[in-house]
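No lab work stands behind these numbers, since they all come straight from the coordinates. No experiment lies behind these values; they were computed from the predicted model shown. In this analysis, Cβ positions are derived from the backbone assuming ideal geometry, glycine residues included, and neighbour counts consider all displayed protein chains.
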Amino acid sequence: MIPKVPATARELASLLKQGEGKTLEFKRSTGELREALQTVCAFLNGSGGMVLLGVRPDGDPEGQQVTDRTLREIAQACDHFEPPVNLPVERLPAGAGREVLILRVDGNSDSIPFTYDSRPYERVGSTTRKMAQAAYEKLLLERTHSRRRWENLPADVLTLKDIDRDEVFRIIGIAQSVGRLIGPVGRSVSDVLDRLGLRENGQLLQAAVVLFGKTFLPHYPQCELRMARFRGTDMAEFLDQRQIRGPAFKLLEEAELFCQRHFPMPAKIVPGQMRRVEKPLIPPDAMREILINALIHRDYTVAGGAVSLALFDDRVEVWSAGEFPRGITPAILKRRHLSIQRNPIIADMFYRTGLIERWGRGTNRVIDMCRAADIPPPTFEQIGLGAVVTFQVNVAGIQPEVAPSWHQVGTKSALSQEQVIILRLCHEEKTLLDLMSAVGRKDRTKFRTQFLNPLLAMDLIHMTIPDKPNSRLQKYTITPAGIAALRQKQEK
């Protein structure tokens, strides 16, 4: 239990004798402010407590001189908490113009876990220590499944008439067909939504609007998909663009159709087969997984946000509003990690349709599928308040005069003179400027589109820092496939 704030400084001395060490810590002055706020972080992650500045370790309330500068220093130091913390400072006279400062913390917050200077802390007995990673991840998981989330708040302004009945039963049919919805669900929309946990006390939840709504303006503008095909490698000129508001499954289907409409379909001749074998630009299951992740993990509290699909000549980008779920970083997505769901109700419906699993392996499967298809694995980034996944692929389609087609790799006609020079130089690590200078090119965008990106797409060269394709330290080096292609060209 958190001790009561003492009425006088002398009452402080008795608190330790009452066995309050677990929820109370003394610091002699604000000179120990960093350690004091680490303890505040521990109290925030527990059941609460108090830190008193101006008290000796033996409990003697000697106080300290407190000025406006002192209070500003405390306020600035509190900016290091994540999530943000409102920490009022209570002042208790200690005599002779000195004061004890009290930092009181109520525990059991819905925002647990907290970090200070990017580190979580916990209270063990009367000691503050760094929290173990496993304990931190467990608290993160508990927070993401807390009772108060955007998706499980009531959709106060909407009723059943705003739900698309046909969409509800279409998705229910899919869930039943894949065996992930067993037993009767009812004949009415209200029965189905109750069964799926999309209503509470007869009131629609906001997750129901995301999944099955038919009315999105003015209250749900974030249920939007923005799609564009740009000419070149920047956003200067549109070739095609669409903006759609709709329920989540239909947005997914629209995004896949847009990809089919704009992705080229390279093909090769396989000995013994009469027809060419088509090779998708990006494995369809990998593309679908990333689009689904954008829909189910995005931050729906960002009313002006959306899921965005941007196609350039040299890449495909999928953006979603909001940062990665807390505890998930771009680096973690490339290895084994917890499945932390920001919107578990929405995610559950995608699980029921068989489109996702629950084991946090989605991004790992995407990486495996890309490697099996001989394309670079996607990069994961946090840019501003958005999460973006980028596939480095040749959306424009490879033209014979600027780059080889997929089935021409290694033939005499496959590599231009400039590309041969690039491959030879890349026996040692080279920067972008090194390569441009060697072939006499000055336009970075054209150089990437015509020479560099096709070689990357065919795995003839690779980046030394693949996770940061635009890093100023980026260099390029030849791959075994590139060495083989050079050797075959020499033999020709």
Handout entry: For segment 224-391, convex hull of alpha carbons as volume per residue, Å³
Key = 135
Fill in the blank from the handout: Rh (Kirkwood, all Cα-Cα pairs) for segment 9-144, Å, reads 15.1
Problem - Dipole moment magnitude, nearest 20 debye, segment 406-491 about Cα centre, only Lys, Arg, Asp, Glu C-beta charged - result: 240
Practice task
Mind putting a number on the dipole of segment 213-258 about its Cα centre? Charges go on the C-beta only, +1 for Lys and Arg and -1 for Asp and Glu, and I need it in Debye to the nearest 20.
Solution key: 180
Exercise for the section: Taking only the C-alpha atoms, wrap a convex hull around segment 160-212 and report its volume per residue in Å³ as a whole number. Expected result: 75
Handout entry: segment 87-130 and segment 175-209: distance between their alpha carbon centers, rounded to Å
Key = 44
